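The values are calculated or read from the model by the stated rules, or taken from the named source; none is laboratory data. As the structure is a computational prediction, the values presented were derived from the model and not from experiment. All Cβ positions, glycine included, derive from the backbone under ideal geometry; neighbour counts span all protein chains shown.
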Amino acid sequence: MYKSLLWMAAGVPLIARRSAVLEDIVEDGVCGYLVEPGCPERMAEKVMHLAFHPEVLVRMSNAARDRVKNYFTLEGGVSRFIELIGNVIASGNSHIRG
């Protein structure tokens, strides 16, 4: 998992075998591709697709970097937590008592 995040942070779209952990990291078709285990032909197709479609590669590279920044860094986690708390308070469903 750690190496996957490092590659994505560097702007490399991940092409990997589908697993529960990677499904939480990679948004399939957005910042990389997840391929069913035992399908090397499908993985090769995805590599070739990115090789022949540089616009997709650039889009996925940016999305991979953004995904790591927004979901797997302290800065991104804190921002999302603050947003969540703001939404709870704004909805009037705050159960926090002081």
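Per-residue answers, yes or no, for (1) of a type outside the set (A, V, I, L, M); (2) over 13 Å from residue 4 (Cβ atoms); (3) more than 15 Å from the chain's Cα centre (by Cα):
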position: 23; (1), (2), (3): yes, no, no
position: 40; (1), (2), (3): yes, yes, yes
position: 44; (1), (2), (3): no, yes, yes
position: 60; (1), (2), (3): no, yes, no
position: 68; (1), (2), (3): no, no, no
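The numbered conditions (1) crowded, with 17+ Cβ neighbours inside 10 Å; (2) in contact (Cβ under 8 Å) with a residue 40 or more places away in the chain; (3) of a type outside the set (A, V, I, L, M); (4) under 21 Å from residue 80 (Cβ atoms) are all true for residue 31 except (2). All conditions but one from (1) of a type in the set (A, V, I, L, M, F, W, C); (2) surrounded by 15 or more Cβ atoms within 10 Å (Cβ to Cβ); (3) at pLDDT 95 or above apply to residue 47; the one that does not is (2).
Across the range 61-85, what is the total count of residues that are part of a helix (DSSP H, G or I), of a type outside the set (Asp, Glu) and either modelled with pLDDT of 85 or more or in contact with a strand residue (DSSP E or B) (Cβ under 6 Å, 6 or more places away or on another chain) (or both)?
Taking the range 61-85 first, the residues part of a helix (DSSP H, G or I) are 61-71, 74-85.
Next, from what is left, pick out any that are of a type outside the set (Asp, Glu): 61-65, 67-71, 74, 76-82, 84-85.
From what is left, the residues that are either modelled with pLDDT of 85 or more or in contact with a strand residue (DSSP E or B) (Cβ under 6 Å, 6 or more places away or on another chain) (or both) are 61-65, 67-71, 74, 82, 85.
The number of residues fulfilling the criteria is 13.
Do you know which residues across the range 1-48 are acidic (Asp, Glu) and touching a Pro at 6+ places or on another chain (Cβ under 8 Å)? Of everything in the range 1-48, nothing turns out to be acidic (Asp, Glu) and touching a Pro at 6+ places or on another chain (Cβ under 8 Å). Among the residues of the range 58-75, those that are over 13 Å from residue 25 (Cβ atoms) and hydrophobic (A, V, I, L, M, F, W, C) comprise 58, 60, 74.
Of everything in the range 6-23 that's of a type in the set (Gly, Ala, Ser) and part of a loop (DSSP other than H, G, I, E, B), which residue is surrounded by the most Cβ atoms within 10 Å (Cβ to Cβ)? Steps first, answer last, please.
Step one: filter the range 6-23 for residues of a type in the set (Gly, Ala, Ser), giving 9-11, 16, 19-20.
Imposing the further condition that a residue be part of a loop (DSSP other than H, G, I, E, B) reduces the set to 10-11, 19.
Numbers: 10: 11, 11: 17, 19: 13.
Step by step, filter the range 6-23, then rank; the result is 11.
Residues that are touching a helix residue (DSSP H, G or I) at 6+ places or on another chain (Cβ under 8 Å), closer than 22 Å to residue 68 by Cβ and outside any strand (DSSP E or B) within the range 24-48 comprise 25, 26, 27, 30, 31, listed in sequence order. Checking residue 55 against (1) at pLDDT 90 or above; (2) surrounded by fewer than 10 Cβ atoms within 10 Å (Cβ to Cβ); (3) under 21 Å from the mean Cα position of the chain (by Cα); (4) under 24 Å from residue 1 (Cβ atoms), which single condition isn't satisfied? Residue 55 satisfies every listed condition except (4).
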